[in-house]
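Contents: one structure, followed by commentary.
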Amino acid sequence: MRQRQASQGARRAREFEAFVAGAAGRLLHAATLLTAEAPDDNPRARRLLTLALAHTYARWHRLRGEDPYDHTRQYLATRFARAAWHQYGAFGRARPHPASALATLAPQERLILVLRLYEGVAEAQTAALLGLPTERVRTICDRATATLLHPPRGPAPAVGPAKVVSS
């Protein structure tokens, strides 16, 4: 009995290691986009990925027939959303890395943008995952895309009184 359990545990570990070897890079990139950290300095993204992979490993034997990548991505997204909600209140503005292109977006906008555009998750699936109406997901994605494509301008230069030049 113990020998069978040991061989199942070893097989489970090998399968999970193969999954991590193939998927960890893409998942880390998605987590880095979510946290809007620099790719070479991303401790929050690494922590988020570690938690998602640990959760997937704990459920590995129950994932038969399910896509482990999809399961890990869903946990990554919900964990990010929950953390953003608790830390900043109702998806308030986070303080991401200032050099990040996604730094101007709210956490919810980043989450929807990453799921829809980077991961290619369908609108309906994204809406179900986040508990939002499909139209709301579409609106947020469109607004976030527009913000990235056409960033808001800085404050206008101050215009002082006109100087009269006498000759």
Checklist (1) at pLDDT below 95; (2) farther than 28 Å from Ala38 by Cβ; (3) open to solvent by 30 Å² or more (accessible area, probe 1.4 Å) applied to Leu63, failing item: (3)
Specify the residue that is surrounded by the most Cβ atoms within 10 Å (Cβ to Cβ); the eligible residues are those in segment 118-144 that are in contact (Cβ under 8 Å) with a residue 24 or more places away in the chain, assigned to a helix (DSSP H, G or I) and not β-branched (Val, Ile, Thr). Ala144
Quick check on Leu34: is it in a helix (DSSP H, G or I), among the aliphatic types (A, V, I, L, M) and within 21 Å of Leu102 (Cβ to Cβ)? yes
Out of everything in segment 3-56 that is among the polar types (S, T, N, Q) and more than 23 Å from Ala81 (Cβ to Cβ), what residue ends up being least open to solvent (accessible area, probe 1.4 Å)? Ser7
The lone condition Ser100 fails out of (1) at pLDDT below 95; (2) open to solvent by 50 Å² or more (accessible area, probe 1.4 Å) is (2)
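The values are calculated or read from the model by the stated rules, or taken from the named source; none is laboratory data. Note that the coordinates shown come from a computational prediction; the quantities given were computed from them, not determined experimentally. Note that we place each Cβ from the backbone using ideal geometry, even for glycine, and neighbour counts take in every protein chain shown. Note: areas computed on protein heavy atoms with side chains; ligands, DNA, RNA excluded. Shrake-Rupley method; radii C 1.70, N 1.55, O 1.52, S 1.80 Å.
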